[in-house]
Amino acid sequence: MNGALGPEYMVVLGVFASMIAVMVSRQRTIAAYWAALAAVVAAGIWTAALWSSPALPISLYAQGVRVDLFSLAIDGLVLLASAGALLVGWNDARYGADFPALVLLALLGMMVLGLANNFLVLFLGIELLSLPLYVLAASGGYAESREAGLKYLLLGAFSSGILLFGLALLYGASGTMVLTQLANSSLILPLAGAGLALTVVGLVFKLGIIPFHMWVPDVYEGSPLPVTTFMAFGTKVGAAAILLRFLFYGFSVAVGWWEPALGYLAVLTMVAGNLLALAQKDMKRLLAYSGIANAGYLLVGISAHNQAGARAMLFYLLVYGLAVLAAFSVFTMVARERNSVSLNDLTGLARRSPWLTAFLAVAMLSLAGIPLTGGFVGKFYLLQAALDANEPGLAIGLVVGAMIGLAAYVRPLQRAFQGGDGTSEAPVRWPVAGAVVVVIAVLGTIGLGVYPAPIVHIVNHSAAFDWLR
Amino acid sequence: MFLVWLLAVPLAGAIATLLASAKGAKVVAAITSFVALVGYAGLLFVNRAGVNWPWISAWGVRFHLEADGLGLFLLGLNAVLFVVAILASSEEMGRVYYFWLLLLEFSVAGLFAAVDLFVFYVFWEVLLIPVFFLLTQWSGARGKAAALKWLIMNLVGSFFLLVGIVAVAVIHHQNGGAFTFEISALSGMTLPAGAATWLFVAFLVAFWIKAPLWPLHGWMPDAYGESPAPVTALISGVLSKAGIYGILRVMMPLFLPQFRQFQLVLLILAAIGLLYGALAALRQNDMKMVTAYGSLSHMAMMALGIFSLTEVGILGTTYYMVAHGLMVGGLFIVLGLLESRTGTRTIQDMAGLNKSAPRLAAYFLFFVLGALGLPGLPGFVGEYMIIQGLIQSQVVFAVVAGFVLVVAAWYMLRVFQAVMQGPAKGSAIRDLLARQVAWLVPLAGLVVFIGLWPAGITSHAAPSLYHVTHFLAGKGGGQ
């Protein structure tokens, strides 16, 4: 074993610890948050320690899971996402006492998705990720939140069914459940084709790719802000990781079956997602559509199907996540008691809280892909991947999407720098935990834009799909 | 290291303005820009060494800056005009205004020094952001719309430029070369026939919008009309040169065969722009818009110089860029001083102002004469060289350019005559203050100096263009 699954065990321990903390005190308690955060930090340290382990890659449980640098990178990303979500919602009385435990459970699902090398583990990870999120989405206690939870549950269960059906067909067509053995098995063609299509549909549903995106805006809008933060970053990492693993390990041979289809979906998602973002007045919905569009960018990395694509996708996940963390923590501070932020709430923010506005500006410009922020470097990497795969269409789709997105992202900024109406001139209050998130996320975003070399080095190692170009 | 100075000082100063008091920000900014100007003097007279540091080694990106003859004087234009623009700005603007101004100086300096395409692109796009916020917050009633138009039009161009840059690097790599964004390494590479035209257009559109050149000048009237005078001076004096400079720096080495192939189309487009700008300037009643459209026409003149594809034409353009920047920058600032005194820009509302403000009228006349190309002032030298280049390649366009020179004299003098001469109308205005003369004199002096000694610039630019001109003369070159 040599501790390869240590990070996952730490998270399991954290789930128990934070639940016990709630049981002991019989009410919501800050101890649960501390326990959860400690587990995340411990798992992060363990992940970092595993990084240089010579034993990698390690296959466990009859090749059911595969711990390699890719899974460790995914671990790092989802740990960051859950730490951000915990801090954004830090000890907030509006959410149930079980908020930290549920976040950790979903985190565990995302980590499992990073390591899955088997259909069953894949499905386990998807369910482990989804079930706590259904509860979390409904945990706001107000009508929109319950609606979001129910909507997410119904549509999520539907997509899980499709996914399961697809996996069953693939097993029938190949006789194996192990992703890395799929490539060499002789597939029964029509069956395998149908299985592949259904599985991919099930997975891109979680990623929020158009036309399987209908749930995203409503669920993001209805869920409490910290949960939306977590979904926007964490779920995307988990879904992208398993899609990449599934296709790159299992179907690197039969690329003709999925590459063009995913390419078209990526272009459609990037362009339409940004167009829809343009029309939004509610910031959560704006970031929901932005999340859809960004899922399209991630799909560019996957459908480019080369090493650069996988690396660019990993890099982009980080820059997107940091921008989302920064934007959502600013929105949480601006929203205070309420649960949504509209364009009007931002009017005159620059005068009320200049620093907060500056942070928001960095996050939005990073999402828009302006240089000296991480978002630019991420898009640059994706462009390299697309053009290296001789797919100029993907590159054009990416920049057209980015152009449209830009208009969507600068509108809130223009509002923020505009004069206020004088109604609420009081500066926005900064909770300490939220301030930690926003400062780290903004520094990271700028750092990745100014000197990305170390992170580029890390993703180049973690996405070593040597059989690709 | 003076090159780093030119970048680091404005960046540090930008942060310092944020920490300064609201009233002290202008002083901090003025000192910063002056220190940057001193750094430029060091670059010019002491040491012109560039820097070449690894940045993202996995992609072959290097932070490579050079001050060769092409960019050297544009860096100077940048340093000079920012000092003037900051001194011409009001203290009331607040610290964030000066923060954006200095950030703009930083990014433009980076742009004019970059010889790595990645670095070039980073600065190319970063400079949009300060202008966007300057237009959003410190401009007229329609400033917000002007800002959005500026950002979106320019970014549409830049994103295609981005695809083009990555595609060129990837093609170079796939052809067996190293993965690099170094312009000198990529120059003269063979592009696949199908891709070459598309890439050429992708690059050209970005530069065409930024200049701006007709018909992609849609952002220009609003941005020029709405922005405060110092910002207009910077946009038209410095930023517009970025487009022309980009064609010279980036496109010439990469796309010479395509320039040959499309020369006639490009010349026709530029000539239309030349006429359009001049005729539109003639029809304006807003003195700032006359200058704006006149500037549009002058940008087309520079483009004609490049597209003549002759050594003298291209040299004329590199010279005219600097000269035009100084003159039009000065002109916009003088117009701003005039507007702040009269409260209007409509030329029919003003007359005979030279009675009450003779010094202001004198500087106005000086920059007007420079803009219309009076011999002895630098505009004439640049236009002369460009027309000589056109005569060598396509004489028809030389005739058009000559005609436009006449129109230019007409529209510029029309403004001067209406505003300054004739019987005085309305109340008298205050003349220039001593502190305003203090920075207008050096600017005017500099204009006269480079007008009298053009070789100071052209002799430096010529070696930098050696590769291009050599190739054009058919003496080999290229690969």
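Just so you know, all these numbers are worked out from the coordinates, no wet-lab data involved. Owing to the predicted nature of the structure, the values given are computational and were not obtained by experimental measurement. When we count neighbours, we look across all protein chains shown, and the Cβ atoms used for this are built from the backbone with ideal geometry, even at glycine.
Annotations for the structure displayed:
- The range B:77-140 and the range B:150-164: distance between their alpha carbon centers, rounded to Å: 18 Å
- Two-site label geometry, A:Ala261 and B:Ala428: point separation in nm, points 7 Å out along Cα→Cβ: 8.5 nm
- Using only alpha carbons, the range A:154-204 has a radius of gyration to Kirkwood radius ratio (Rg to Rh) of 1.01.
- Proximal aspartates and glutamates relative to B:Lys355, as straight alpha-carbon distance under 19 Å, when same-chain residues fewer than 8 apart are discounted: B:Glu339, B:Asp431
- Centre separation in Å (Cα based) which lies between the range B:193-210 and the range A:271-346: 30 Å
- Exceedance of the 26 Å cut-off in Cα-Cα distance is limited, within the set B:Lys241/B:Lys425; A:Lys206/B:Lys149; A:Lys206/A:Lys379; A:Lys151/A:Lys236; A:Lys236/A:Lys281; A:Lys151/A:Lys284, to B:Lys241/B:Lys425; A:Lys206/B:Lys149.
- Of B:Ser90, B:Ala113, B:Ser139, farthest towards positive along the dipole that unit charges on Lys, Arg, Asp, Glu beta carbons give the range B:58-149: B:Ser139
- The shape of chain A can be summarised by an equivalent ellipsoid whose semi-axes, obtained from the alpha carbon gyration tensor, come to 33, 26, 21 Å from longest to shortest.
- With the helix formula -39500 (n - 2.57) applied to DSSP H stretches of n ≥ 4, chain A reaches a computed 222 nm mean residue ellipticity of -24500 deg cm²/dmol.
- Cleavage-rule hits (trypsin sites (Lys or Arg not before Pro)) in the range B:351-423: DSSP loop, at most 15 neighbouring Cβ within 10 angstrom: B:Lys355
- Order of A:Ser25, B:Ser240 under a 10 Å beta carbon neighbour criterion, fewest first: A:Ser25, B:Ser240
- Exposure proxy ranking, count of Cβ atoms within 10 Å, fewest first, for B:Val4, B:Val399, B:Val119: B:Val399, B:Val4, B:Val119
- For the range B:310-466, the Kirkwood estimate of the hydrodynamic radius, built from every pair of different alpha carbons, is 16.7 Å.
- Principal axis dimensions, largest first and in whole angstrom, of the range B:228-371 by Cα: 57, 25, 24
- FRET efficiency for the pair A:Ala38 and A:His457, taken as 1/(1 + (r/R0)^6) with r the Cβ-Cβ distance and R0 = 25 Å, rounds to 0.30.
- 10 Å Cβ neighbours from other chains, averaged over peptide A:449-458: 3
- Principal axis dimensions, the protein assembly as shown - Cα atoms, whole angstrom, descending: 90, 66, 46
- Ranking of B:Ile272, B:Ile171 by count of other Cβ atoms within 10 Å, fewest first: B:Ile272, B:Ile171
- Helices assigned as whole DSSP H runs in chain A whose Cα atoms extend at least 30 Å along their own long axis and whose mean Kyte-Doolittle hydropathy is -1.0 or higher are found at A:30-51, A:143-174, A:255-278, A:283-304, A:307-335, A:392-417.
- When the convex hull of its Cα atoms is viewed from all sides, the range A:254-469 shows a mean projected area of 11.8 nm².
- Loop-resident sites, the range B:20-72, for trypsin sites (Lys or Arg not before Pro), counting at most 11 other Cβ within 10 Å (DSSP): B:Lys23
- Pairs of C-alpha atoms in chain B farther apart than 41 Å represent 13 percent of all such pairs.
- Alpha-carbon spread of the range A:103-189, three principal axes, descending order, Å: 52, 24, 11
- Distance between the 7 Å Cα→Cβ label points at A:Ser52 and B:Ala178: 2.9 nm.
- Multiplying the residue separation of A:Asp282 and A:Leu60 by 0.36 nm and subtracting their alpha-carbon distance yields 75.4 nm.
- Between the amide H of A:Ser342 and those of A:Met283, distances stay under 5 Å, these residues lying 5 or more places away or on another chain, with hydrogens modeled in the peptide plane.
- Peptide A:371-381 has a mean of 4 when you count, residue by residue, the C-beta atoms of other protein chains within 10 Å of its C-beta.
- Annotation: aspartates and glutamates with alpha-carbon distance below 18 angstrom to B:Lys144 (same-chain offsets under eight excluded): A:Asp421, B:Asp222, B:Glu226.
- Counting Cβ atoms of other protein chains within 10 Å of each residue's Cβ and taking the mean over peptide B:172-181 gives 1.
- One Cα centroid belongs to the range B:389-430, the other to the range B:248-289; the line between them spans 19 Å.
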